[in-house]
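Accompanying notes for the structure given below.
The values are calculated or read from the model by the stated rules, or taken from the named source; none is laboratory data. Computed from a prediction, not measured in an experiment: that's the story for all the values here. Counting neighbours? That spans all protein chains shown, and the Cβs are built from the backbone with ideal geometry, glycine included.
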Amino acid sequence: MAEPLFVRPDVQAFLDYLRQAAAAGAPAMHQMPVDQARAAYVAMQQLADLPPRDLPVIRDLQCPGPAGQIALRLYDSREARAPGPVLVFYHGGGFVLGGLDSHHNVCTEIAAQMDLPLVSVDYRLAPEHPFPAATDDAEAATRWIAQSPAELGLDVTGLVPIGDSAGGNLAIVVTQALAADPAAVPVIAQVPIYPLTDAVDGHASFREFAEGFLLDAQVMRWFADAYAAPADSVRTFPLNGGHDRMPPTVLVTAGLDPIRDSGRVYGAALARAGSPLVFTERAGTIHGFIQVRKAIPSAQADLEAILAALRGVLDAGRPTV
């Protein structure tokens, strides 16, 4: 007999609210025009996430990209700092939704807790800009940051790609690209949070959580159709890439996520290749939890655990005196 499904009480309350909204006629994301869906995605963060941290540095920037300027946002808990690593953040949203504003609150939290500068990347979105626009922009922005350009105002010694969902995919894709063709400074860790790494249709988690757990199968198909990425490219599904030259990885999955098993199989591939890995599966919670920390209060502790694991990885890599 299968064990009963564990759902945290605050997660269940949030899911009940979403079901009531749907029953009252609220349209799903894939049923909206894309501009309305993007606005709704930002509005969800404003309603469901904790307020942003007050940081001394929150500054919008631009860097050159393959199709024009890429918008960036720099967050820092210090007005000035010594040379050191930079977190490079890629937002989620299925390559269709999201941007600098959709993940603003959580970026302030990560920068504050890590006491490291964070640069959020506003890569191009589908369907206007299908694959490989997002990956091209993410890689270009990361390489620009690695060069410590004057506009950034930082002396960068290492890179930490970090992202959630589609952004978790981009964190891995960028890390693989910079392992094959290094940037001006090395990638010293990567943090994919509930990432998409392979075709998920055959996974048990996709079947079990395809409906009723925030991210559902219909929305995922809408994302995939818009992004139009070839299944045989490692820049689409980085599970098919090499894993033996990866930096230390903090890999995060959510127990009630339809793409949970996509993260699990990526972790297994890293482990088989002997790449350093910290794996954490946050039980009883859903895809997208880092953006809904007010609606799901336990998600704040999840985020703190992820960042504590990252601090441990970075501390282990620092030379002792």
| Test: F209 is under 20 Å from P130 (Cα atoms) and buried (at least 21 other Cβ atoms within 10 Å of the Cβ) | no
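Do any helices (runs of 4 or more DSSP H) entirely within the stretch 213-321 hold 2 or more residues that are among the small types (G, A, S), in contact with a Leu (Cβ under 9 Å, 6 or more places away or on another chain) and under 17 Å from G167 (Cα atoms), and if so, which? Don't jump to the end; show me each part of the working.
Values: elements: 217-227, 260-273, 298-317.
Counting at least 2 such residues, we get 260-273.
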| remark: A43 passes all but one of the listed conditions (1) within 15 Å of G288 (Cβ to Cβ); (2) touching a residue at least 12 places away in the same chain (Cβ under 8 Å); the exception is number (2)
| request: Select from the stretch 97-139 the residues that are under 21 Å from G68 (Cβ atoms) and part of a helix (DSSP H, G or I) and list them in ascending order. | output: A133, A134, T135, D136, D137, A138, E139
| field | Lone unmet requirement of (1) out of contact with any strand residue (DSSP E or B) (no Cβ under 8 Å at 6 or more places or on another chain); (2) without any contact (Cβ under 8 Å) to a residue 40 or more places away in the chain for R235 | value | (2)
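Any chance the stretch 35-49 includes a residue that's under 30 Å from P186 (Cβ atoms) and out of contact with any strand residue (DSSP E or B) (no Cβ under 6 Å at 6 or more places or on another chain)?
no
Which one is farthest from S148 (Cα to Cα) among residues in the stretch 44-64 that are out of contact with any helix residue (DSSP H, G or I) (no Cβ under 9 Å at 6 or more places or on another chain) and at pLDDT 95 or above? Let's see the steps before the verdict.
Filtering the stretch 44-64 down to residues out of contact with any helix residue (DSSP H, G or I) (no Cβ under 9 Å at 6 or more places or on another chain) leaves 47, 56, 59-62.
Within this subset, residues satisfying the condition of being at pLDDT 95 or above are 56, 59-62.
Numbers: P56: 20, R59: 16, D60: 16, L61: 13, Q62: 13 Å.
This residue is P56.
Is it the case, given these coordinates, that T249 is closer than 22 Å to D201 by Cβ, buried (at least 18 other Cβ atoms within 10 Å of the Cβ) and among the β-branched types (V, I, T)?
Here the answer is no, as T249 does not meet what is asked.
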| Checking T108 against (1) touching a strand residue (DSSP E or B) at 6+ places or on another chain (Cβ under 7 Å); (2) in contact (Cβ under 8 Å) with a residue 60 or more places away in the chain, the condition it does not meet | (2)
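For the structure I just gave you, tell me whether E281 is of a type in the set (D, E, K, R), surrounded by fewer than 22 Cβ atoms within 10 Å (Cβ to Cβ) and in contact with a strand residue (DSSP E or B) (Cβ under 9 Å, 6 or more places away or on another chain). Before the answer, list the steps.
Details: of a type in the set (D, E, K, R): yes; surrounded by fewer than 22 Cβ atoms within 10 Å (Cβ to Cβ): yes; in contact with a strand residue (DSSP E or B) (Cβ under 9 Å, 6 or more places away or on another chain): yes.
So E281 fits the description; yes.
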| message | Would you confirm, using the coordinates I've provided, whether A39 is outside any strand (DSSP E or B) and either over 21 Å from the mean Cα position of the chain (by Cα) or at pLDDT below 95 (or both)? | response | no
| Looking at this structure, is V173 buried (at least 24 other Cβ atoms within 10 Å of the Cβ) and on the phi < 0 side of the Ramachandran plot? | yes
| Given the residues D60, D76, D35, which is the only one that is without any contact (Cβ under 8 Å) to a residue 24 or more places away in the chain and either in contact with a Ser or Thr (Cβ under 8 Å, 6 or more places away or on another chain) or among the charged types (D, E, K, R) (or both)? | D35
| task | Could you pull out the residue among T236, T285 that is of a type in the set (S, T, N, Q) and closer than 21 Å to H103 by Cα? | result | T285
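Results for (1) within 15 Å of N169 (Cα to Cα); (2) within 14 Å of the chain's Cα centre (by Cα), shown as yes or no for each residue.
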site: F89; (1), (2): yes, yes
site: G92; (1), (2): yes, yes
site: G98; (1), (2): yes, yes
site: H103; (1), (2): no, yes
site: V106; (1), (2): no, yes
site: V121; (1), (2): yes, yes
site: L125; (1), (2): yes, no
